[in-house]
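Just so it is clear, none of the values below were taken in a lab; they were calculated from the coordinates. The structure presented is a predicted model; accordingly, all values stated were derived computationally and were not measured. Positions of Cβ are backbone-derived with ideal geometry, glycine not excepted, and every protein chain shown enters the neighbour counts.
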């Protein structure tokens, strides 16, 4: 088979899902820039022709490293599924003369550049000001209307996002945000191609008001969506829309759901806005994940576009509901093979699938008062979901059993997650209701389990009540996601 170099870094879909789909179309050679998930090694390792671990170190040019390894294995394409390696892989692909996201890839990574491109193209974006240090904050509140959102320009998963109302709060938030980005960088959740910029660069932007009730059929939906798509040799192919539950303050994602319960006409309007956004970025060949805020009376604002697939289990959600193996499609496109794209974005699927992030926050956004141990197997999931629904644990993005559920920290975003669950259901409304029940019940369910385990009278030989066929644990390791 044709060799392909797969550059692994933190974030993206789990390897147990991704590697078999890459291996179906190419000979997979892995260059690991972060520790590999050993708990699922028996699933993904057989699909690899070689595995090289080479964490980028100080003074090592990452693009040189990728090019060197690609030449050594004779790779005819270089692929990454991580937000943090997208820029380096794009530059390496150009140097090697291979297909990739292209020379303008930074516009789909640096949120400041992205917003400048869209603003100059006349596309709807919130008002914003770039922040390189406290000295840039002084004039912001004279030009933008608070409350404002401080964002790290190179972050993912809502990391280093803080809401501020005045100059003093903004200066403190910048210090906090920078500390969070430094901590994230130490854990491997930061830009790999421009490490210094990834920690220091921020923007302040106006918070636009969403109105989910003007868009969705039914209640309980969040006020933004994502358009999942691909760019093939400069031509954009929007594939489908995924919806959300309401975010946790300030804007941390709790659940991604497919399909989104939107009328077809609304989906077509969103499709066209996403097309304009991606076309303006000038990408060559890559996956795309475009987030759009939905306001009252049909208003829309672009949040961001990434030159990679949606985080965690988005690719599996799309395959489950819409029948599209997006990873396989991208591999084939990078190798110059024929790919069958839908003539228009798909607006209907079969069943529903979602990714639910376990955060220590209740349905109203209040932090849990207790932080029990995480234990997927001890929860009676069958009692929380509708008949026919299924719940799986994604171990690669979850803490080991017995680990305390971490307190939720606004600035930490997805870094505060304890676990990730993958759900399937018969319909989008049913899936949304399943997620709502789980969010409401988990604090008590885990607290009760912890109390039982700590009780001297507990029978150690008595296993937790399984949830029967509706539960399928799949993987367990360390958390971390990109939205």
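How would 286, 421 line up from fewest to most surrounding beta-carbon atoms within 10 angstrom?
Fewest-to-most ranking of 286, 421: 421, 286.
Show me 200-210, 214-224, 340-350 ranked by packing, highest mean number of other Cβ atoms within 10 Å first.
Per-residue mean Cβ counts within 10 Å order the peptides as 200-210, 214-224, 340-350.
Do the sum for the chain: with -39,500 (n - 2.57) for every DSSP H run of n ≥ 4, divided by all residues, what is the mean residue ellipticity at 222 nm, to the nearest 500 deg cm²/dmol?
-9000 deg cm²/dmol
Sort 423-432, 84-93 by the packing proxy (mean of other Cβ within 10 Å over each peptide's residues), most packed first.
Per-residue Cβ counts within 10 Å, averaged per peptide and sorted highest first, yield 84-93, 423-432.
Could you work out the Rg to Rh ratio of region 23-175, with Rh taken as the Kirkwood radius (inverse of the mean 1/r over all Cα pairs)?
Reported Rg/Rh (Cα atoms, Kirkwood Rh): 1.08.
If you take the alpha carbon radius of gyration of region 259-320 and divide it by 2.2 N^0.38 Å, what ratio comes out, to two decimals?
1.18
If one computes P(r) from the Cα atoms of the chain, what percent of pairs lie at distances over 29 Å?
47
What fraction of the Cα pairs in region 175-235, stated in percent, has a spacing above 12 angstrom?
Distances greater than 12 Å cover 78 percent of the Cα pairs.
Region 108-192: D in µm²/s via Stokes-Einstein (Kirkwood Rh, Cα pairs, 25 °C, 0.890 mPa s)?
Rounded, D is 180 µm²/s.
Give the Debye-formula value of log10 I(q)/I(0) at each listed q (0.11, 0.18 Å⁻¹), with one equal scatterer per alpha carbon of region 168-292, two decimals each.
For region 168-292 at q = 0.11, 0.18 Å⁻¹, log10 I(q)/I(0) is -0.53, -1.14.
For region 372-426, compute the orientation-averaged projected area of the C-alpha convex hull (one quarter of its surface), in nm².
4.4
What ranking do 410, 228 get, fewest neighbouring Cβ atoms within 10 angstrom at the top?
410, 228
Provide 293, 151 in ascending order of the number of other Cβ atoms located within 10 Å of each residue's Cβ, fewest first.
Placing the least packed residue first, the sequence is 293, 151.
With the calculation restricted to Cα positions, what are the radius of gyration and Dmax of region 216-349 in angstrom?
Final numbers for Rg and Dmax: 14.2, 44 Å.
Per-residue counts of other Cβ atoms within 10 Å, averaged by peptide: what ranking do you get for 392-403, 294-305, highest first?
392-403, 294-305
Over region 3-98, with a single point scatterer placed on each C-alpha, what log10 of the ratio I(q)/I(0) does the Debye formula yield at q = 0.12, 0.18, 0.21 1/Å?
So the normalised log intensities are -0.32, -0.75, -1.04.
Need one number: convex hull volume per residue for region 226-279, Cα atoms only, in Å³.
93
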